[in-house]
Amino acid sequence: MPDWSNRLSSVHALLGERLGVAGPDLREQVRRAGRRLPRRARRDAELLVRAEAMARHPSFARLVDPREVARAERRLSRRLRTIDPRLRRRNRRLNLLATAGLQVLATFALVVTLLAWRGIV
């Protein structure tokens, strides 16, 4: 594998650290990240996965453009460094609480409507 293998391992570490995505290799991590990555970042990650797979085979390794791989790695790393894992966790909790609150409110409204319809209230 070319000299950018350590850069791919840093992307591998960033995906695990910032998005909380575990996996044995970069391909599995990108698959598990799915829509948590924006479209452009996902495209760059898929380019890195293809380049990593092609670099394992001597005849395909020369087809990999190292400048394009470096550019994709820089863009993806830059994007991943902007993600705050604590903020993601907090937003996930707030979304869960908002959903639960809406369900409680809807259930209460349904019960009041049912009681009014039956003539109890």
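Do we find a residue being within 25 Å of the chain's Cα centre (by Cα), surrounded by fewer than 10 Cβ atoms within 10 Å (Cβ to Cβ) and not in a helix (DSSP H, G or I) anywhere in region 36-46? Among the residues of region 36-46, not one is within 25 Å of the chain's Cα centre (by Cα), surrounded by fewer than 10 Cβ atoms within 10 Å (Cβ to Cβ) and not in a helix (DSSP H, G or I), which makes the answer no.
Conditions (1) surrounded by fewer than 11 Cβ atoms within 10 Å (Cβ to Cβ); (2) not assigned by TED's automatic domain parsing to the domain that holds Ala45, marked per residue:
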position	(1), (2)
Ser77	no, no
Arg88	no, yes
Leu94	yes, yes
Ala100	yes, yes
Val104	yes, yes
Phe108	yes, yes
Thr113	no, yes
Ala116	yes, yes
Ile120	yes, yes
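For region 56-76, does any single residue satisfy the condition of being touching a residue at least 24 places away in the same chain (Cβ under 8 Å), assigned to a helix (DSSP H, G or I) and under 13 Å from the mean Cα position of the chain (by Cα)? Yes: one or more hits. Do we have any residue at all in region 98-106 that's touching a residue at least 24 places away in the same chain (Cβ under 8 Å) and aliphatic (A, V, I, L, M)? For region 98-106, residues touching a residue at least 24 places away in the same chain (Cβ under 8 Å) and aliphatic (A, V, I, L, M): absent.
Screening the candidates Gly34, Gly23 for the property of being of a type outside the set (A, V, I, L, M, F, W, C) and in contact with a helix residue (DSSP H, G or I) (Cβ under 7 Å, 6 or more places away or on another chain) yields one hit, Gly23. Condition (residue is touching a residue at least 60 places away in the same chain (Cβ under 8 Å), more than 12 Å from the chain's Cα centre (by Cα) and part of a helix (DSSP H, G or I)) applied to region 14-24: is it met by at least one residue? Checked against the condition, which is being touching a residue at least 60 places away in the same chain (Cβ under 8 Å), more than 12 Å from the chain's Cα centre (by Cα) and part of a helix (DSSP H, G or I), region 14-24 yields no hits at all.
The values are calculated or read from the model by the stated rules, or taken from the named source; none is laboratory data. Note that the coordinates shown come from a computational prediction; the quantities given were computed from them, not determined experimentally. Glycine gets a Cβ as well: all are built from the backbone with ideal geometry, and neighbour counts include every protein chain shown.
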